[in-house]
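A short write-up of the structure that comes next.
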Amino acid sequence: MIEAQEVVRSTCPYCGVGCQIDMYIKEDQIFRVEAPFDVAPNFGRLCAKGRFGIDFVQHPSRLKKPLIRKDIGESPRKAVGLEGFREATWEEALDLAAEKLAAIVAQHGGDAVGTFCSAKATNEDNYIFQKLVRGVLGTNNVDHCARLCHAASVAGLQLTIGSSAMSNSIAEMKDLDAFIVTGSNTTETHPVISTFLREAVVRNGAKLAVIDPRQIEMTEFADHWLRQKPGTDVAIFQAMAHVIVHEELYNSDFIDDRTEGFGEYAKSLADCTPEWAEGLSGVPADQIRDAARMYANAERAAIYWGMGISQSVHGTDNAVSLANLALITGHIGKPGTGLNPLRGQNNVQGCSDSGGLPNVFPGYQLVNDPDIRGKFENDWGIQLNPDVGLTTMEMVDAAEQGGIKAYFVMGENPMMSEPDLRHARHVMASLEFVLLQDIFFNETAEYADIILPATSFAEKAGTFTNSDRRVQLIRPAVPAPGEARDDWVILSELAQRLETELGREESAGFEFDDPSAIWDEMARLTPDFQGISHARLQREDGVHWPCPSEDHPGTPYLFEDDFPSGRGRLTPLDYRPSAELPNDEYPFILSTGRVLYHWHGGTMTRRSKLEDIYPEPTVEVHPNDAENLGIAAGDWIKVRSRRGEIQVRTLVTERSPTGTVFIPFHFAEAAANELTLDARDPQAKIPDYKMSAVALEKLN
Ligand SMILES: Nc1nc2c(c(=O)[nH]1)N[C@H]1C(S)=C(S)[C@@H](COP(=O)(O)OP(=O)(O)OC[C@H]3O[C@@H](n4cnc5c(=O)[nH]c(N)nc54)[C@H](O)[C@@H]3O)O[C@H]1N2
Ligand SMILES: Nc1nc2c(c(=O)[nH]1)N[C@H]1C(S)=C(S)[C@@H](COP(=O)(O)OP(=O)(O)OC[C@H]3O[C@@H](n4cnc5c(=O)[nH]c(N)nc54)[C@H](O)[C@@H]3O)O[C@H]1N2
Ligand code: SF4
Ligand SMILES: [Mo]
């Protein structure tokens, strides 16, 4: 057995569970990953990605030097491979990047730049990123993948209770009495959380209702499985509320003390009978009754959800309908209850917390509130733009219409993750300047002018904040490849050059010794973080924000006494159909999402051992549909939508219902987003990745 020269504790770079890992190091290589048994949140558990998937760090194709496009300045911009770039020194690349961006800001103003920060990078990286965008470029056009993810959950929870973080902690899961999992394929996407949920059911007798169109693994141990037609969630949850009100299973004390609008809300449910919902969703009325009774009658009950709820043209309504259920039953504000949107990326919670959003500074402090803006202006010593910036999809629209001239993309891969890629590419090609900062040459890099090589989680220090708001450290374990630099270092240097180019007399302040000094600046300006420091995290492993002072223990569950909005608002809703329904030409519903072994655009997992386990793009087709079309398991087929077509290998399986096919979006050679449409939820602006219409064709 190899003996480690060093074992370095860190946080898994994949999902929002935030598992603690021990990396075993010899001769600057990670050769094994284990999980410590005594530390939250995973207590010795890991999934395939944490254990076997972090060898991407050592992949030979890591970016090692800054790159400049050979035909820089040529228009229209074409996609080029690595051979379309030449290596450059850091001096040259940073000078040129600052010169190009400054020229656009000088001519068109800061709002002509669109920027994307990263739920893969640390809180400290993202704090500096938004400081550069707000304090130097002078715009609030900053957003990140949360917009394509839990934006609708955020909008729905803001409307009803005024806060959007997961309300309860992972530690409470194994002691649940009853819970609902909906639109979350938990065993594949939050695998370690799924083991605690399973323990609650199998060991501790908790009751579980899974509400999902696909026969995901969670259904195997569920008491109730409601298999709705995709996109019909509002009907189901309204009908459950109807049952709870009609059978008087609600919590009157909680409704009186903590909510408003019950009378009108109850009235609005009159026609939302389980039979009505059965007609729309296909779920038998009695199953809806049983699930409603299970949830309402439990002493304590929680709701967990994922993208099946959020990524929909009625995602906000979906989230509101779940909040309504928690508010009428009082299943919130206590341990073992709550409204829990499971956060996806390792640091998506933290990226939002650190101000990577167009409307808020760190800690969700509004940019258009003069007092708050004044606080940041004083601290940074500069004037700030008072206007709320654009969201991800609004930046795409502005780029198309010519208002946005340049993109700065750090640690995202929009040319895989945005809907309707043909359109997305067209928009990208029309930009004047594209700056990219990543650890790999991804699909978006093909459109970049300058590429800055960043270090990965295994080479730098900082913090990630997991799904239950637990702030945890990452620690450098191996040296940076080539000349790659930490994101925050690159950003600080770029910011200072930009300030010079733009002739700024005062610097907003980008000289930091290390990430802990960056955290301290953010915490000084953000009440919820004031009790957290890197030194405290070294001692205590992790702390849940809000944590207002050093002697505060942190907050594992929220809303014990009240909601940020005061009372919870019960909100009547109308059922609306989805944006694109199947027809004769496109007779199938396409649902897209994830598999256990891969991550988003595949940049990381397809450069790891996991690629050997799951090397090909697939489509799930129900046996009845396969038979009708003469398709056999293993056949390559063409899948077509109004926007594009791809070729994928068929899995014949009852996991997807008849009439619906499922394609994971991890494979560049058959990108699911060639097919998806960019219809959006009106409030949250999130695209509907779960419902587009497609046709299937057997290939000869
Ligand atoms: N292995 C792996 N894990 C990941 C990721 C990854 O790429 N790979 N990504 C991470 C990220 S960023 C995120 S956001 C999470 C996402 O985690 P999930 O939300 O669990 O991921 P999806 O695969 O998008 O699954 C959505 C679920 O919604 C269901 N669904 C589809 N349509 C509907 C509908 O109309 N209503 C309801 N109620 N359900 C529906 C699908 O059947 C599926 O079970 O995963 C995180 N974890
Ligand atoms: N069809 C379809 N599309 C979807 C979804 C879906 O369900 N279906 N889900 C949506 C969701 S929920 C999400 S969250 C988005 C995700 O969309 P993205 O965030 O665009 O996807 P990732 O592939 O995670 O991109 C992360 C990038 O960061 C880089 N990276 C990793 N570590 C670091 C680092 O330390 N520093 C820097 N600078 N870069 C780093 C990686 O190489 C990669 O290029 O996709 C969305 N798109
Ligand atoms: S559950 Fe998430 S955080 Fe834990 S090892 Fe797997 S991918 Fe990493
Ligand atoms: Mo996500």
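The values are calculated or read from the model by the stated rules, or taken from the named source; none is laboratory data. Everything numeric in this text was worked out from a predicted model, so none of it was measured. Don't worry about glycine lacking a Cβ; one is built from the backbone with ideal geometry, like all the others, and counts go over all protein chains shown. Quick note on the areas: whole protein, heavy atoms, side chains included, nothing else; ligands and nucleic acids left out. Shrake-Rupley method; radii C 1.70, N 1.55, O 1.52, S 1.80 Å.
What to note about this one:
- Loop-located GluC sites (Glu not before Pro) across segment 416-502 with a Cβ neighbour count of 16 or fewer within 10 Å are E483, with loop assigned by DSSP.
- Rh by Kirkwood over Cα pairs, then Stokes-Einstein D for segment 6-58 at 0.692 mPa s and 37 °C, µm²/s: 297
- Between helix 151-160 and the chain there is an angle of about 60 degrees, using the helix long axis and the longest principal axis of the Cα atoms.
- q = 0.09, 0.10 Å⁻¹: log10 I(q)/I(0) that the Debye formula gives for the chain, counting C-alpha atoms only: -0.76, -0.95
- Percent accessible area from carbon and sulfur atoms, the chain, protein chains only, probe 1.4 Å: 47
- Note on K698: lysines with a C-alpha under 24 Å away, same-chain residues under 8 apart excluded, are K638, K690.
- For trypsin sites (Lys or Arg not before Pro), the sites in segment 40-145 that DSSP calls loop and that have at most 13 other Cβ atoms within 10 Å are K70, K78.
- Whole-number accessible area per residue in Å² for the chain, which is evaluated in the context of all protein chains at 1.4 Å: 35
- Sum of side-chain charges, C272 neighbourhood, beta-carbon under 12 Å (Lys, Arg +1; Asp, Glu -1): -3
- Sum of side-chain charges, T605 neighbourhood, beta-carbon under 14 Å (Lys, Arg +1; Asp, Glu -1): +2
- Gyration tensor verdict on segment 588-698 (Cα atoms; rounded if a/c is under 1.5, prolate if a/b is larger than b/c, oblate otherwise): oblate
- For GluC sites (Glu not before Pro), the sites in segment 261-367 that DSSP calls loop and that have at most 11 other Cβ atoms within 10 Å are E299.
- Helix 487-501 and the long axis of the chain differ in direction by around 60°, with both axes built from C-alpha atoms.
- Couplings 3J(HN,Hα) of segment 360-375, computed from phi: 9, 6, x, x, 6, 8, 5, 5, 9, 8, x, 5, 5, 4, x, 4 Hz, in residue order, whole Hz [Karplus 6.51 cos²θ - 1.76 cosθ + 1.60, θ = phi - 60°; x for Gly and Pro].
- Accessible surface comparison of D111, D125, probe 1.4 Å, protein chains only, largest first: the order is D111, D125.
- A full extension of the chain between D286 and A270 corresponds to an added length of 4.0 nm, given 0.36 nm per residue minus the alpha carbon distance.
- Note on K65: lysines with a C-alpha under 18 Å away, same-chain residues under 8 apart excluded, are K460.
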